[in-house]
Amino acid sequence: MTRRKLLVHPLILCAFVGYWISVDRVCAPTPLEIVNYGPRQASAGAAFNSQGNQAALWVSTKGTLGKNTKVFWGDTELSTTVSLSKNLVTATVPERLYQKPGSYLIYLLNEDEILQSNKVPVVIGE
């Protein structure tokens, strides 16, 4: 079995596929990070950032956001909308998830690159 050499320079290939380039990691996706989000607090049982008849949250990101990125509330995947041009993700939150007071962690999962973001809390008060 013979190995073939890559005919395209790695920097050109990386630029073509849209990845950030560093000297030590060619073509590595940048980490996915939640930089801002809302709401950070809400009341138990009360819909927040209402979109129609459902609660909603928004997440501002930095890093490799993909069209198949999903928001998770704990272990529950939320119905998610991604705006790649704005590095913004929105999601609707089912009522059953904010009925009880507590601190709940949310995070993003980019299913294309298999990247998980940092986890951030949403506090549901009484």
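Rule-based calculations on the coordinates, nothing more; no lab input. From a predicted model like this one, the values you see are computed outputs, not experimental measurements. Neighbour counts are summed over all protein chains in view; Cβ atoms, including those assigned to glycine, are modelled from backbone coordinates with ideal geometry.
In table form, for the structure just shown:
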{"item": "Within-14-Å neighbourhood charge of residue 98 [Cβ basis; K, R +1; D, E -1]", "result": "+1"}
{"item": "nm² value of the averaged projected area, convex hull over the Cα atoms of the stretch 30-125", "result": "5.4"}
{"item": "Residue 83 paired with residue 49, simple spin-label distance in nm, labels 7 Å along Cα-to-beta-carbon", "result": "1.1"}
{"item": "Net charge contributed by nearby residues that have their C-beta within less than 13 Å of residue 119 (K/R +1, D/E -1)", "result": "-2"}
{"item": "Residues 69, 64, 81, sorted so that the one with the fewest Cβ neighbours within 10 Å comes first", "result": "81, 64, 69"}
{"item": "Total formal charge among the other residues, if their Cβ is under 13 angstrom from that of residue 36, Lys/Arg +1 and Asp/Glu -1", "result": "+2"}
